[in-house]
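Structure first, commentary second.
The values are calculated or read from the model by the stated rules, or taken from the named source; none is laboratory data. On a predicted model such as this, the values are computed, not experimentally measured, just so you know. A quick note on method: Cβ atoms are made from the backbone with ideal geometry, for glycine too, and the neighbour counts reach across all protein chains shown. Note: accessible area is taken over every heavy atom of the protein model, side chains too, but ligands, DNA and RNA are not part of it. Shrake-Rupley method; radii C 1.70, N 1.55, O 1.52, S 1.80 Å.
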Amino acid sequence: TNPAIDAGEDVGLPYYGSAPDLGAVESLPSSAYVATGVADAVEQESGTIIDLPRAIVTVGNGVLKNYIIYVEDASRAKAIAVQSSQLLTQVSEGQVVRITGKLDKTGVQPVLKATTISLVGGSDGAFAQDTPLAPVATTSKSIAGVGLDATALLFKFYGKVTPVNDEYFCIDDGSGAT
């Protein structure tokens, strides 16, 4: 067994095991589930340690509060929120990343609480930024409880915006969805 595993001091970064590992990288436990994509990762049980080898960033660092980023499969089948931190690799929309972390399904949407985020590059090289995924254009009716599971996917809606209160608004696209 490696003496550097679980031998570090807790300095506030996420880690696996009883303590952080010594060194720059937290080693992934052998029990980690290697997901074939975001959709596969989201289907796992809450608490599962996930290794997501390839996902595309749709909302990078600095856009949302609390270091939340979003990633999707290139197929647009599924997306997930990722809890990042100021100390993990900072990413931008369109970058291709590998994420390891623990899946949390206790809230309103699944969240992958990242232990590591690394750039795996795009078509132009290791740290190249690929073309960002374009939002899926759709009507409200197609995602209002029927059809596509739109949780965390990047969408573009068209319609009249009506404020509901200080935190919410409605978009009337003429489809009749409420």
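One table, with the values for the structure above:
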quantity: ³J(HN,Hα), Karplus 6.51/-1.76/1.60, whole Hz, each residue of the stretch 78-90, x for Gly, Pro; calculated: 7, 9, 8, 6, 10, 7, 9, 7, 5, 9, 8, 3, 7
quantity: Global form of the stretch 1-123, assessed from the alpha-carbon gyration tensor, a/c cut-off 1.5; calculated: prolate
quantity: For the stretch 27-38, 3J(HN,Hα) per residue [Karplus equation, 6.51 cos²θ - 1.76 cosθ + 1.60, θ = phi - 60°, Hz, x = Gly/Pro]; calculated: 6, 7, x, 5, 7, 4, 8, 8, 7, 7, x, 4
quantity: Amide hydrogen neighbours beyond the local backbone of Ile50, cut-off 5 Å, H modeled; calculated: Tyr33, Gly101, Lys102, Leu103
quantity: Share of carbon and sulfur in the accessible heavy-atom surface of the stretch 1-56 [1.4 Å probe, %]; calculated: 53
quantity: Charge tally in the Cβ shell below 15 Å around Asn66, where Lys, Arg are +1 and Asp, Glu are -1, Asn66 excluded; calculated: +1
quantity: FRET efficiency estimate (nearest 0.05) - Cβ-Cβ, Ile68 to Asp173, R0 22 angstrom; calculated: 0.25
quantity: Theoretical gain in end-to-end length, Ala77 to Lys105 [0.36 nm per residue, Cα-Cα removed]; calculated: 8.2 nm
quantity: Per residue value of the accessible surface for the stretch 47-93 (all protein chains in place, 1.4 Å probe), Å²; calculated: 44
quantity: Built amide H within the under 5 Å cut-off of Ser27, gap 5+; calculated: Asp21
